[in-house]
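Working notes, beginning with the structure itself.
Values quoted throughout were computed directly from the atomic coordinates according to the rules given, and no laboratory measurement underlies them. Nothing here was measured: the structure is a model prediction, and the numbers come from that model. Glycine also receives a Cβ, built like all others from the backbone with ideal geometry; neighbour counts cover every protein chain displayed.
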2 protein chains.
Amino acid sequence: MKKIAIQGIAGSFHEDAARKYFGDEEIEIVECRSFQSVCELVDSDQVDIAVMAIENSIAGSILQNYSLIRDYHLHVIGETYVHIQMNLMMLPGAQKDDVQTIYSHPVAIRQCAEYIEKYFPNARIIENQDTAMSGKILSVDQLTDAAAIGNLRTAEIYGLNVLDSGIETNKKNYTRFWVLSKHPKQNGGSNKASLAFEVGHYYGALARVLNIFAENEINLLRIQSIPIIGKPNEYTIHVDVEYKSEQNYEKAIHRVLKNVSSLSILGEYVRAEIEITNQ
Amino acid sequence: MKKIAIQGIAGSFHEDAARKYFGDEEIEIVECRSFQSVCELVDSDQVDIAVMAIENSIAGSILQNYSLIRDYHLHVIGETYVHIQMNLMMLPGAQKDDVQTIYSHPVAIRQCAEYIEKYFPNARIIENQDTAMSGKILSVDQLTDAAAIGNLRTAEIYGLNVLDSGIETNKKNYTRFWVLSKHPKQNGGSNKASLAFEVGHYYGALARVLNIFAENEINLLRIQSIPIIGKPNEYTIHVDVEYKSEQNYEKAIHRVLKNVSSLSILGEYVRAEIEITNQ
């Protein structure tokens, strides 16, 4: 059975992402306290795979995770998108009128700010590292006057009742997760790649690289310049590209290499679809 | 005297940014509870100007603020960079051995995680919306067993002693702030512009725009594709460009307009320098 490291505990959106990616395959979730320890476990072969959030449609890219992935030389071997839907959960028997305190992750709290303001304007908000941890606290401490905000899996694991669903303000928010390994993807083809490169300081340096992609029918799905810490005015360009022909992609990479000062292939993998379902 | 709206309270990094930008000019800081209310005050002419964080060298772009600026049709009329340096502060007479609790903003806490782990592994951490607010709480509640983490201005305003300086892990972190107005920059020239545009779904659509910039000696300082919420696979491209000749820039904009499906000029202004000083 594959061991999958995630930041946070079972029941979190990271677990959702891992289960969505692996489908019916049985997996063992290994809980980690930080994204760094996730990377360490992969690096030291204590787990097979890591699943890590990399960007969110509202909050943007999680740059710290990009840095970690590069520092630990991990390879992207896949991706998955999770539609972020939030629920209000309490212990069985507890009622919404009893809510004095709401536990959740700061981003989840912001995502549900309108709901909280409307229904619980006086509740004390306590922030946790993890939506699932918030549910666990309710369960472990048997808090009947507190609610947690998180995903359905948290309610399932920690035996909570879901009192309200779809309480997030933005109904179309999703998070993208990368599936990471110590080794590049070995088998099967790829139609998507994530690359990082630096270009020279002359007019059109980046345009030249993008032209090479276009000439080889490689589609740009994402582009972002990321400042290089400690070097003001220098940056790394991150792109996700999609291609139909792996041969064209290889030809393009070869030409790109002649036009950049450095290139890292973060991974070549199969593109996942973004599915926004409505509850 | 100009009225300047900032998110948070006096003493925050936002106030640092406003004072850095306006230099010796006397300004009145107007404190706001949220970035949205900052925009509302500008929109309703209750203040002249807003100063708003837009990106951080470690955490990346603050996408929510981009959305707000576009929703309220504000104009960027300037920018400034603040080097983020953190300090441990307590009430006069209080000592580090007394620290039971540390108050700060979640991002500031993460930035000082190594210091906290080393010197205060058992302290209770309480997160606030604002580094300055953390200092104010110490002062208002006369907490002698608590410390706040924030900038020097907070210590100055709320009468705190600085016990340790430069406690941030990354010494070269900076935040970029935009100076925003209801109206575009009126006088003086510009050498930098922030633009947002959408391009068609064909190979090389973005490359074509970048080529136009290159041909007009316009330098690309930042580029980022931002997902359009609710429209998977569609995105807006945000760029910052720098130019020596305003005439070339105008010529380029005219040509770019023929190659994009929509273009917004967020602002045309004078470029600020990033200064990383060491304490």
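With a sphere of radius 10 Å drawn around the Cβ of residue B:194, what net charge do the other residues whose Cβ falls strictly inside it have (Lys, Arg +1; Asp, Glu -1)?
The answer is -1.
For segment A:196-278, what does the alpha-carbon gyration tensor say about shape, rounded, prolate or oblate, given a ≥ b ≥ c as the root eigenvalues, a/c under 1.5 as rounded, and a/b over b/c as prolate?
In terms of gyration-tensor shape, oblate.
Considering only DSSP states other than H, G, I, E and B, which GluC sites (Glu not before Pro) in segment A:1-91 qualify as loop sites with at most 16 other Cβ atoms within 10 Å?
Sparse-neighbourhood loop GluC sites (Glu not before Pro): A:25, A:26.
When DSSP assigns beta bridges and you keep just the ones with both residues in chain B, what percent turn out antiparallel, to the nearest 5?
75
If you take the square roots of the eigenvalues of the alpha-carbon gyration tensor of the protein assembly as shown and sort them as a ≥ b ≥ c, do you get rounded (a/c under 1.5), prolate (a/b over b/c) or oblate?
Taking the square roots of the gyration eigenvalues as a ≥ b ≥ c, the protein assembly as shown is oblate.
Please identify the chymotrypsin sites (Phe, Trp or Tyr not before Pro) of segment A:196-253 that satisfy two criteria: DSSP loop assignment and at most 10 other Cβ atoms within 10 Å. Which are they?
The qualifying sites are A:202.
Give the Rg/Rh ratio for segment A:87-165, taking Rg as the radius of gyration of the Cα atoms and Rh as the Kirkwood radius, to two decimals.
0.91
Among B:115, A:269, which comes first, then next, by fewest other beta-carbon atoms within 10 Å?
B:115, A:269
Counting only helical runs of four or more DSSP H residues, what would the 222 nm mean residue ellipticity of chain A come to if each run contributes -39,500 (n - 2.57) and the total is spread over all its residues?
Taking each H run of at least 4 residues, the total per residue is -8000 deg cm²/dmol.
For residue A:233, put the label point 7 Å out on the Cα→Cβ axis and report which residues of segment B:184-216 keep their amide N under 16 Å from it.
Backbone N within reach: B:191-193.
At 7 Å along Cα-to-Cβ for each site, give me the label-to-label distance between residue B:171 and residue A:123 in nm.
So the label points at residue B:171 and residue A:123 sit 4.5 nm apart.
Count charges around residue A:157 for me, please; just the other residues with Cβ under 10 Å from its Cβ, Lys/Arg as +1, Asp/Glu as -1.
Neighbour charge sum, excluding residue A:157 itself: 0.
Do any trypsin sites (Lys or Arg not before Pro) in segment A:4-52 lie in a DSSP loop with no more than 15 other beta carbon atoms within 10 Å, and if so, which?
Sites meeting the loop and neighbour criteria: A:33.
Note the distances from residue A:186 to each other copy's matching label point, with points 7 Å along the Cα-to-beta-carbon direction, in nm, sorted shortest first.
So the label point of residue A:186 gives 6.9 nm to the other copies.
Note the distances from residue B:119 to each other copy's matching label point, with points 7 Å along the Cα-to-beta-carbon direction, in nm, sorted shortest first.
The answer, with the shortest distance listed first, is 4.4 nm.
Could you give the length gained on full extension between residue A:161 and residue A:114, defined as 0.36 nm per residue of separation minus the Cα-Cα distance, in nm?
Extra length available between residue A:161 and residue A:114 comes to 14.8 nm.
Given R₀ = 22 Å, what would the calculated FRET efficiency be for residue B:186 paired with residue B:244, taking r from the Cβ atoms and rounding to 0.05?
0.55
Considering only the label points, 7 Å along Cα→Cβ from Cα, what distances in nm to one decimal separate residue B:233 from the same position in each other copy, shortest first?
When each copy's label point is compared with this one, the spacings are 4.1 nm.
Between segment B:91-167 and segment A:22-72, what is the C-alpha centre distance in whole Å?
Centre-to-centre (Cα) distance: 31 Å.
Hey, what did segment A:192-269 get for relative contact order, percent, Cα under 8 Å, at least 6 apart?
50
Can you list residues whose amide H is under 5 Å from residue B:173's amide H, if they're 5+ apart or on another chain and H is modeled 1.01 Å from N?
B:84
For chain A, what is the relative contact order in percent, using Cα pairs closer than 8 Å and at least 6 residues apart in sequence?
Value for chain A: 23 percent.
By counting other Cβ atoms within 10 Å of each Cβ, how are A:215, A:273 ranked from fewest to most?
Placing the least packed residue first, the sequence is A:273, A:215.
For the pairs A:136/B:118; B:2/B:231; A:182/A:244; A:2/A:192; A:231/B:231; B:2/B:258, note any where the Cα-Cα span goes beyond 30 Å.
Pairs exceeding 30 Å: B:2/B:231; A:231/B:231; B:2/B:258.
Take every Cα pair under 8 Å in segment A:87-165 that's 6+ residues apart, average their separations, divide by the length, and report that relative contact order as a whole percent.
50
For segment A:32-175, give the share of DSSP beta bridges that are antiparallel, in percent and rounded to the nearest 5; count only bridges with both residues there.
Given both bridge residues lie in segment A:32-175, the antiparallel proportion sits at roughly 65 percent.
Under DSSP H, which helices of chain B have Cα atoms covering 15 Å or more of the helix axis and a Kyte-Doolittle average no less than -1.0?
B:205-215
Can you sort B:218, A:125, B:102 from fewest to most other Cβ atoms within 10 Å of each residue's own Cβ?
A:125, B:102, B:218
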